Amino acid sequence: MNNEVVLDKLSEFLMVEQCGWQLYRVVGERASDPELHERYEEFGRETDRHRTILTGLIRDLGGDPDYVSPTARLAQAKSEALLASALVAGPLGEAEREANDLENVLLAETKDHADWELLSKLIEQLPTGKTKTAIEAAVAEVEPQEDEHLEWAQTKLATLGLQAIMGQTSPPEPDRLEKCVIEPDLKIKQVHPAPMDKRNLLETAKLPAAEPTPASRTSTGA
Ligand SMILES: [Fe+2]
Ligand SMILES: [Fe+2]
């Protein structure tokens, strides 16, 4: 096992937990749906505990928890982008804003879940010893919680989407796009020209459909 690579990974995983904890604080404060509020608080507390566990694991493996690996910096940049989208979503209606916050949680938890899955797979590769025991103890406590975080976020996001589609939440205001700014004079459509109608399609949407592959041309006799 390359200890340096493991410590770089653990630094990245710690950053994911730190940023996840921060995300739960932001979305938890403004969630009006009682279930969302309660779950964000609960998962935020568990994420805080995951930070502590990873800090201990890094020390157990001879590392320094204050070290920030290059991929940890990337993880931080990705998380900051998620939080930036939370600001963009500010002027949207409540249902859309809450769905966007939950989608950010789902994205963050997908990465968080993958990190612990990797540690769980790593255990299978390690010989008996101190390192294996330390990772096993961490995974045993955290992995079931990561399963729950991800499953809940997926299910709840689908529920919120269905409620909105079926008209069970207040309809969004038609001019809400105009109100979405991420800086005082910068409209969201200048940053992200989403295809609102045929005149404003993204460039890629105007391209012809992909050519059939050589294999499919042969099978159809073309
Ligand atoms: Fe976590
Ligand atoms: Fe998580």
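The values are calculated or read from the model by the stated rules, or taken from the named source; none is laboratory data. These numbers come from a predicted model, not from an experiment. Virtual Cβ from ideal backbone geometry, glycine too; neighbours counted across all protein chains shown. Ligands, DNA and RNA are excluded from the accessible area calculation, which covers all protein heavy atoms including side chains. Shrake-Rupley method; radii C 1.70, N 1.55, O 1.52, S 1.80 Å.
Put simply, when 104-115, 160-171 are sorted by average Cβ atoms within 10 angstrom per residue, most first, you get 104-115, 160-171.
Below 13 angstrom from the Cβ of Ser11, what's the summed charge of the other residues (Lys, Arg +1; Asp, Glu -1)?
-3
Could you pull out which residues in region 11-37 have an amide N less than 19 Å from a spot 7 Å beyond the Cα of Gln76, following the Cα-Cβ vector? It comes to 11-26, nothing else.
Quick one: of Lys9/Lys132; Lys78/Lys130; Lys111/Lys156, which pairs are farther than 26 Å apart, Cα to Cα? With Cα atoms farther than 26 Å apart: Lys78/Lys130.
From the square roots a ≥ b ≥ c of the eigenvalues of the alpha-carbon gyration tensor of region 39-99, which class results: rounded (a/c under 1.5), prolate (a/b over b/c), or oblate? Taking the square roots of the gyration eigenvalues as a ≥ b ≥ c, region 39-99 is oblate. Shape verdict for region 1-70, please, from the Cα gyration tensor: rounded (a/c under 1.5), prolate (a/b greater than b/c) or oblate. Prolate. In the full protein context, region 56-112 carries 50 Å² of accessible surface per residue, based on a 1.4 Å probe and ignoring ligands, DNA and RNA. Roughly to the nearest percent, how much of the accessible area of region 50-151 is carbon and sulfur, given a 1.4 Å probe? So the carbon and sulfur contribution to the accessible surface is 56 percent.
Quick check on region 1-160: take the gyration tensor over C-alpha atoms, sort the square-rooted eigenvalues as a ≥ b ≥ c, and tell me if it's rounded (a/c under 1.5), prolate or oblate. Since a/c reaches 1.5 and a/b is larger than b/c, the shape of region 1-160 is classed as prolate.
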